[in-house]
Amino acid sequence: MEPKLLLVKIITLLYRESQLEDAAGGSTELARSVLQTMKLPERILDMDDSRETQVSLRNTAIWMIEAPEGTVYDKMELLQRIRVNVGDETYLYEAIEDAIGRDIEDPDQLKMVCVRYRNELAEHGKQETIRNIFKEAAQTILFNDKGVNYKEFVAATVEKLEPFLMVEADGKQPGYVDGVNFANLEEVKEAMLKASESISTEGGLKIGIQDINNMMGDHEAFLRGEAWVVGALQHNFKTGFLLTCLKGFALYNKPHMLDKTKKPAIVFITLENSVSTNILTLYASLKENETGVPCDIRNIDIVEAAGYIHERLKVNGYEIFMDRFDPSEFTYRDLVNYVLDLEAKGYEIHVLLVDYLNMMSKVGCNTMGPTGSDTRDLFRRVRNFTAARRILFITPHQLSTEAKGLMRAGVTDFVSEIANKGYYDSCKTIDQEVDGELYIHIEKKGGQSFLTVRRGKHRKTKITKEELLYTVLPFFEVGAIRDDIHGESLGRRKLHGAGTDDVWWTS
């Protein structure tokens, strides 16, 4: 913005704010910061009236900034001062006179005028900050590049630019996501429609295990737009559980499209296991659940297996994407770009599974605050991004050393003991950033292994019955955790040895 125009807007804003009944929290600091970005033009001639005009208007702006709080300016005196400041550049005087000459009687209209000027000056300040970031970066690599670690340099520059990457709604404050004016009937109707869509069972996503679906309460399904974390200790079926979800979402759900011109997609991002390992695990689970025959993945027919998994997972129309990334290089911004790229190619993503999020690089995340702030900020960013796109997001997360201590102490019913108590590695407050929690743990009894599952918090309107929040799922020699969605539940209420009759539906 041209410097003289900036000065006109600053003076106008400070004058109009002085007319507000409650001018507390005014824009003096904003005006001061904008002035600091302005450089006076170089003197070209001894008689440089344009430069002197800018200096004089700047001095008037500083005089207003430094005025005592609560100062109310006399319009005539201020205009006299401006007339002297601008000299022969009468168009500047006319611009300010047009802006402040008319009295604004309506307090609400006066506030709106002030907000508009504040937003314009704040936007200019952001643009100047971005320019300075790029100037500093250019100077570093063009004139002082010896010894520059380009990987660290790029990461640091991106981190500085991160606050300016979010697109803001027209006319809304920074960070605005959604809202409603209850005085506007149409806005209320629109908000109610969005609310009903968000809790509608249409478009809910089931997996192949009845008891897990039942943990979702009256929906009996995960809902798009939710974010879930699956807490477990090391080597306790975290990846297996995520692959079970992937398989179930593809096999047991007809895609409910928000945009019927798009193609439905499920995305699985791995930051740990190789894609080939995941595919073999997925193939064995699919094959054994369908045939009941053990699958020796060491001696599979590659052509047959590829064709089988391809056909089974697309049975309802979903396209599945599974990609692996180096967690030390893969950031939140990369994840966002990955999703946006798929959307640009014509896909509507219904599910995003990340194995697992906390391994991802925290570059660009907020590091200010207590230990774990960057992890919490990462979860917050991903949840906000996926929720806005109605994408169901699920990720496993390692439990803390305190949780391991409970195991060493011989705690029984581990998942029920840790539920809702923040036993997460890296950050104990992850639960505040997600919509739902599941805890899983492998227990052994009577020579048999079981997966115990306990649901923790769940942001929803109705409370789920307590008896539905816990289940014990047996591991079978064939099929591991078997799907039971089309038959009797295989889940149990209590942990018992093999051969017991005290199963879920009889206990």
Residues that are farther than 19 Å from VAL34 by Cβ and assigned to a helix (DSSP H, G or I): does region 53-72 have at least one?
no
Under the condition of being among the charged types (D, E, K, R) and surrounded by 13 or more Cβ atoms within 10 Å (Cβ to Cβ), which residue from region 305-328 is nearest to GLY248 (Cα to Cα)?
ARG312
Quick one: which of THR395, THR386 is touching a strand residue (DSSP E or B) at 6+ places or on another chain (Cβ under 6 Å), closer than 30 Å to LEU258 by Cα and in a strand (DSSP E or B)?
THR395
So LEU392, is it buried (at least 19 other Cβ atoms within 10 Å of the Cβ), farther than 30 Å from LEU495 by Cα and touching an Asp or Glu at 6+ places or on another chain (Cβ under 7 Å):
yes
When region 457-472 is examined, which residues are found to be without any contact (Cβ under 8 Å) to a residue 60 or more places away in the chain and in a strand (DSSP E or B)?
LYS457, TYR470, VAL472
Taking ILE297 as the residue in question, decide whether it is out of contact with any helix residue (DSSP H, G or I) (no Cβ under 8 Å at 6 or more places or on another chain) and either among the polar types (S, T, N, Q) or over 28 Å from ARG224 (Cα atoms) (or both).
no
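Assess whether LEU378 counts as being buried (at least 22 other Cβ atoms within 10 Å of the Cβ) and not in a strand (DSSP E or B).
Numbers: buried (at least 22 other Cβ atoms within 10 Å of the Cβ): yes; not in a strand (DSSP E or B): yes.
For LEU378, the condition - buried (at least 22 other Cβ atoms within 10 Å of the Cβ) and not in a strand (DSSP E or B) - is met.
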Taking interchain pairs and intrachain pairs at least six residues apart, which have beta carbon atoms under 6 angstrom, with the first residue in region 475-494 and farther than 21 Å from PRO294 by Cα and the second assigned to a strand (DSSP E or B)?
GLY491/THR471; GLY491/LEU473; ARG492/VAL472
Select from region 52-80 the residues that are closer than 16 Å to THR90 by Cβ and of a type outside the set (S, T, N, Q) and write down the one among them that is modelled with the lowest pLDDT.
GLU52
From ILE300, ILE269, which residue is surrounded by 14 or more Cβ atoms within 10 Å (Cβ to Cβ), over 32 Å from the mean Cα position of the chain (by Cα) and not charged (D, E, K, R)?
ILE300
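Looking for whichever is in the same structural domain as THR37 (by TED's automatic domain parsing), touching a residue at least 12 places away in the same chain (Cβ under 8 Å), in contact with a helix residue (DSSP H, G or I) (Cβ under 9 Å, 6 or more places away or on another chain) and part of a loop (DSSP other than H, G, I, E, B) here; the options are ILE104, ILE141, ILE130. Which one fits? Reasoning before the result, please.
Values: ILE141 fails: part of a loop (DSSP other than H, G, I, E, B); ILE130 fails: part of a loop (DSSP other than H, G, I, E, B).
Just a single option satisfies the conditions, and that option is ILE104.
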Residue selected from region 272-297 under the condition closer than 27 Å to GLU343 by Cα and part of a loop (DSSP other than H, G, I, E, B), by the criterion farthest from the chain's Cα centre (by Cα):
SER274
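Quick grid of which residues meet (1) closer than 19 Å to SER285 by Cβ; (2) of a type in the set (Asp, Glu); (3) surrounded by 21 or more Cβ atoms within 10 Å (Cβ to Cβ); (4) not assigned by TED's automatic domain parsing to the domain that holds THR367:
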residue: GLU417; (1), (2), (3), (4): no, yes, no, no
residue: CYS427; (1), (2), (3), (4): no, no, yes, no
residue: GLY436; (1), (2), (3), (4): no, no, yes, no
residue: TYR439; (1), (2), (3), (4): no, no, yes, no
residue: ILE442; (1), (2), (3), (4): yes, no, no, no
residue: GLY447; (1), (2), (3), (4): no, no, no, no
residue: ARG455; (1), (2), (3), (4): no, no, yes, no
residue: ILE463; (1), (2), (3), (4): no, no, no, no
residue: ARG482; (1), (2), (3), (4): yes, no, no, yes
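Which of the residues that make up region 420-455 are part of a loop (DSSP other than H, G, I, E, B) and either touching a residue at least 40 places away in the same chain (Cβ under 8 Å) or among the charged types (D, E, K, R) (or both)?
Step one: filter region 420-455 for residues part of a loop (DSSP other than H, G, I, E, B), giving 420-423, 425-429, 434-435, 446-447.
Within region 420-455, LYS421, TYR423, ASP425, SER426, CYS427, LYS428, THR429, VAL434, ASP435, GLY446, GLY447 qualify.
How many residues are closer than 30 Å to GLU343 by Cβ, free of Cβ contacts under 8 Å to residues at least 60 places away in the same chain and of a type in the set (A, V, I, L, M) if we restrict to region 298-317? I'd like the intermediate steps shown before the answer.
Going through region 298-317, the residues closer than 30 Å to GLU343 by Cβ turn out to be 306-317.
Going one step further and asking which of them are free of Cβ contacts under 8 Å to residues at least 60 places away in the same chain, we end up with 306-311.
Checking which are of a type in the set (A, V, I, L, M) leaves us with 306, 309.
Final tally of qualifying residues: 2.
If only one of TYR356, TYR283 is buried (at least 18 other Cβ atoms within 10 Å of the Cβ) and either closer than 30 Å to TYR150 by Cα or in contact with a strand residue (DSSP E or B) (Cβ under 8 Å, 6 or more places away or on another chain) (or both), which one is it? Break it down into steps so the answer makes sense when it comes.
Working: TYR283 fails: either closer than 30 Å to TYR150 by Cα or in contact with a strand residue (DSSP E or B) (Cβ under 8 Å, 6 or more places away or on another chain) (or both).
It is TYR356.
Given the options LEU451, LEU469, name the one that is touching a Phe, Trp or Tyr at 6+ places or on another chain (Cβ under 9 Å) and at pLDDT 95 or above. Talk me through it step by step, then tell me what you get.
Values: LEU469 fails: touching a Phe, Trp or Tyr at 6+ places or on another chain (Cβ under 9 Å).
The match here is LEU451.
The values are calculated or read from the model by the stated rules, or taken from the named source; none is laboratory data. Source: prediction; values computed, not measured. Note that each Cβ is placed from the backbone with ideal geometry, even for glycine, and that neighbours are counted across all protein chains shown.
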